[in-house]
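Visitor: What follows is a structure written as structure tokens; I'll ask about it next.
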Amino acid sequence: MRINYNKKTEAMSGVPQNMHAHEGMISIIVPCYNAEKYIDRCMRSLVNQTVGIEKMEIILINDASTDGTYNKLLAWEQQYCGHILLIDFEENSKQGRARNVGMRCAAGEYIAFVDADDWVEPTMCEILLAAVESGDYDFAQGWVVVDDREKYLAPEKRRITQDFSIHISSVKDRKQQILQRTLASYLWNKLYRKDFLINNRIMLLEGIMYEDAFFLGLLNLYAENVICVGECVYHYFDNKQGVTKQRNTTYYLDFFEMGSRRLTEYKNRHIFDEYKDELDYEYLKCCYVEGMKRLIKGTDRVPYEFFRKLQKQVVEAVPDYGQNPYVMGDEDSGFLLDLLGKEVPEDAWYEIEKLMHAIW
């Protein structure tokens, strides 16, 4: 089945009428932008899942690709008619909107996300489905292997740890989880109950990069029961030509925008006050400190004006950062956090930046 999507009007033509969840069905959402080179490898790993194609719905979103991606997706949709939903975007919208639209169209009881240049183990769906259905779990997750191989190789059954579960039943448990971020490493190594995502309004940012970090922040605040499977289920392709490997782009600046919007979302949902110290620290550590490291490593020079703007933005977001108990005990991030409260002259900034380039 095929759907045409108009970004400006949010209109979709050809939307399937039967949108209710089917018991046990898995909807796998795959955003695709100029994925012609890798999409066949990804799709082979999905249609050959041991759980059986009859238990699956693969939602392919062509995000206004300019290469031959759409024709490849069309060929897969025609080959597996009834099991593949192909959504064609008229304008490029980035992965956040593509995944959100995919969730709105999903008919399955469970949802998984896969990137078009990655691939999965043939047992991924079977393993994660059995795990999530073994108890009252919000989602199941497995291990990810970072892989730079260009070609899809034979399955490699690999157990990394024993299975274990995480139960969050108190404010203390939640605070510990926010700090440890055990659940918030990856978007796509998980099988989610669709009603868990919908009931808690867990969605992705739209229009900017790092949209998955926004989603994972919400996941960390609402998940109560999670099962972690000790086997490798997902291969993340380390694409040397991918956008995250490019230097001197505005891509890196989206990380700071994501962090600010995530902190605002916490406050708008009235869940901030109870976890203020932990969420402030998450913003300082995971957005400001990590964002600065990404920016330094990914650009030849960070303009002084941008540093001053960021400095002001972070202090306005967390004015009492110096009193945060986790900041005071964080020696690893101390250097960058110390810069927040200092008047740094322009020439001094470029000397500091040169030092950070040498370190990172």
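Visitor: Kindly list the number of the only condition in (1) open to solvent by 60 Å² or more (accessible area, probe 1.4 Å); (2) in contact (Cβ under 8 Å) with a residue 60 or more places away in the chain; (3) over 17 Å from the mean Cα position of the chain (by Cα) that fails for residue 199.
Guide: Every condition holds for residue 199 apart from (2).
Visitor: Only one residue in 30, 47 is at pLDDT 95 or above and either touching a His at 6+ places or on another chain (Cβ under 8 Å) or surrounded by fewer than 21 Cβ atoms within 10 Å (Cβ to Cβ) (or both), so which one is that?
Guide: 47
Visitor: Kindly establish whether residue 130 is of a type outside the set (D, E, K, R) and without any contact (Cβ under 8 Å) to a residue 40 or more places away in the chain.
Guide: It is true that residue 130 is of a type outside the set (D, E, K, R) and without any contact (Cβ under 8 Å) to a residue 40 or more places away in the chain.
Visitor: Can you find a residue that is over 24 Å from residue 357 (Cβ atoms) and either of a type in the set (S, T, N, Q) or not in a helix (DSSP H, G or I) (or both) anywhere in segment 257-264?
Guide: Yes, there is a match, as at least one residue in segment 257-264 is over 24 Å from residue 357 (Cβ atoms) and either of a type in the set (S, T, N, Q) or not in a helix (DSSP H, G or I) (or both).
Visitor: Something else about it: Looking only at segment 284-305, how many residues end up being open to solvent by less than 50 Å² (accessible area, probe 1.4 Å), free of Cβ contacts under 8 Å to residues at least 40 places away in the same chain and assigned to a loop (DSSP other than H, G, I, E, B)?
Guide: Going through segment 284-305 one residue at a time, the tally reaches 0.
Visitor: So which of 160, 178, 168 is in contact with a strand residue (DSSP E or B) (Cβ under 6 Å, 6 or more places away or on another chain) and touching a residue at least 12 places away in the same chain (Cβ under 8 Å)?
Guide: Result of the check over 160, 178, 168: 160.
Visitor: Another question, then. Six or more apart or on different chains, Cβ atoms under 9 Å: show the pairs whose first residue is in segment 306-324 and in contact (Cβ under 8 Å) with a residue 60 or more places away in the chain and part of a helix (DSSP H, G or I) and whose second is of a type outside the set (A, V, I, L, M) and open to solvent by less than 60 Å² (accessible area, probe 1.4 Å).
Guide: Once the first residue is in contact (Cβ under 8 Å) with a residue 60 or more places away in the chain and part of a helix (DSSP H, G or I) and sits in segment 306-324, no partner that is of a type outside the set (A, V, I, L, M) and open to solvent by less than 60 Å² (accessible area, probe 1.4 Å) comes close enough.
The values are calculated or read from the model by the stated rules, or taken from the named source; none is laboratory data. Keep in mind that what you see is a predicted model, and the values were worked out from it rather than measured. Neighbour counts run over all protein chains shown; Cβ positions are idealised from the backbone, glycine included. These accessible areas exclude ligands, DNA and RNA; they are computed on the full protein's heavy atoms, side chains included. Shrake-Rupley method; radii C 1.70, N 1.55, O 1.52, S 1.80 Å.
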